[in-house]
Amino acid sequence: MTKTTLICGSLAFDKIMQFNGRFSESLLADQLHKVNVSFLVPTLRTEYGGCSANIAYNLNLLGGDPLIMATIGQDGGEYLERFEQLGISTRAIRTIGNAYTAQCFVTADLDNNQINAFHPGAMEFAHQNNVADCGRVRVAIIAPDGRDGMLKHARDCAALGVPFMFDPGQQLPRFSGAELIEFINQATYLAANDYEFEMLMDRTGLTLADIADRLEALIVTRGEKGSEIYANGMRFDIDCVKASAVVDPTGCGDAFRAGLLYGITNDMDWPTTGRLASVMGAIKIAHQGGQNHAATPAQIADRFEAAFGYRY
């Protein structure tokens, strides 16, 4: 049986700039209706990002078989080369010739406040991809992507009988309550952080029990407080794994989801699956960016054993 995991989600470049001052000193409260400011940013770095790429990167570290289905822009050649160097298939990535790859421009000040601008670019063409074109897969994830693409890919998976995890993330506010209920009814699993899940319940009018009853598993993450998995009428509390350093939370949720998907494709029980996801988040948070950490499957297994006292 195939263990290929189809990862539907965004591909993006993150442009991260540091302002060595404080926004509060440049923005006048009584003049916000006519803002015209410029911030000198001495440092600029580009990170590889996007939910699908981050998840695939971590699943690849685990020894899984990720297949990214996404859209990339005319400037995405170096990203495709990176995937090939990592051994991650690019056969389901569509290049949009008249658009740029999605990009997030982040400016942070000395107090870690951020002003962000996001250009979706090629991501908005995600609906041009078809799940049926990807061949046999064990499981899929519908991660944040173009709005129309997320709706289409969930419907594709449901029509084809492909079990999938719904991960609305930052795209959740773009869907109506009825659309979110449709996602939930089609999905096999759902993963969200605590804030997103509160918004999900508010939008749909459904309770936690209502949502859990419609899924094989509901996963709610709570940062340093760990996570909860509701499955088979039971609740499993998953401890947060202590990180060697807390450097950058960017991409931690994606690393966590890679652990969940690896557990699913390898038929692990839910406590083990959740603990592996927690280990992946701890490894990622100790490094800057979403794809700059490294570990072999054996090293990940050792880290898991050190944290939980047994090997998965």
Of 29, 1, 60, whose Cα points farthest to the positive end of the dipole of the range 1-134 (charges on the beta-carbon: +1 Lys, Arg; -1 Asp, Glu; origin at the Cα centre)? 1
How large is the accessible surface per residue of the chain, computed with a 1.4 Å probe and reported in Å² as a whole number? 45 Å²
For the chain, alpha-carbon Rg over 2.2 N^0.38 Å: 1.00
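In nm, what is the difference between 0.36 nm times the number of residues separating residue 18 and residue 296 and their Cα-Cα distance? Working shown, then result.
Working: separation 278, 0.36 × 278 = 100.08 nm, distance 3.21 nm.
Length gained between residue 18 and residue 296: 96.9 nm.
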Quick one: go through the range 137-166 and flag any residue whose amide nitrogen is under 13 Å from the point 7 Å out along the Cα-to-Cβ line of residue 91. 137
Ranked highest first by the average count of other Cβ atoms within 10 Å around their residues, in what order do 53-62, 243-252 fall? 53-62, 243-252
Test item: Cα-centred dipole of the chain, Lys/Arg +1 and Asp/Glu -1 on Cβ, debye: 420 debye
Once label points are set 7 Å from the Cα along Cα→Cβ at both residue 160 and residue 84, what is their separation, rounded to one decimal in nm? 2.5 nm
What does the charge count around residue 234 come to, taking other residues whose C-beta lies under 15 Å from its C-beta (Lys +1, Arg +1, Asp -1, Glu -1)? -4
Subtracting the Cα-Cα distance from 0.36 nm times the residue separation, let me have the gained length for residue 111 to residue 267 in nm, one decimal. 51.8 nm
Report the calculated FRET efficiency for residue 133 and residue 29 (r = Cβ-Cβ distance, R0 = 51 Å), to the nearest 0.05. 0.45
Carbon + sulfur, % of accessible area of the chain - ligands and nucleic acids excluded, 1.4 Å: 49 percent
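Arrange the peptides 206-213, 159-166 so that the one whose residues have, on average, the most other Cβ atoms within 10 Å appears first.
Highest mean packing first, the order is 159-166, 206-213.
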Give the cross-link partners of residue 34 among the lysines, using a straight C-alpha distance below 29 Å as the criterion and excluding same-chain residues fewer than 8 apart. 15
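Based on the Cβ-Cβ distance of residue 38 and residue 239, what FRET efficiency does E = 1/(1 + (r/R0)^6) give at R0 = 30 Å, to the nearest 0.05?
Computed FRET efficiency for residue 38 and residue 239 comes out at 0.05.
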Order these peptides, 40-48, 300-308, 146-154, by their mean beta-carbon neighbour count within 10 angstrom, highest first. 146-154, 300-308, 40-48
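The values are calculated or read from the model by the stated rules, or taken from the named source; none is laboratory data. Predicted, not measured: the structure shown is a model, and the values here were computed from it. Neighbour counts run over all protein chains shown; Cβ positions are idealised from the backbone, glycine included. Surface areas here come from the heavy atoms of the whole protein model, side chains and all, with no ligands, DNA or RNA. Shrake-Rupley method; radii C 1.70, N 1.55, O 1.52, S 1.80 Å.
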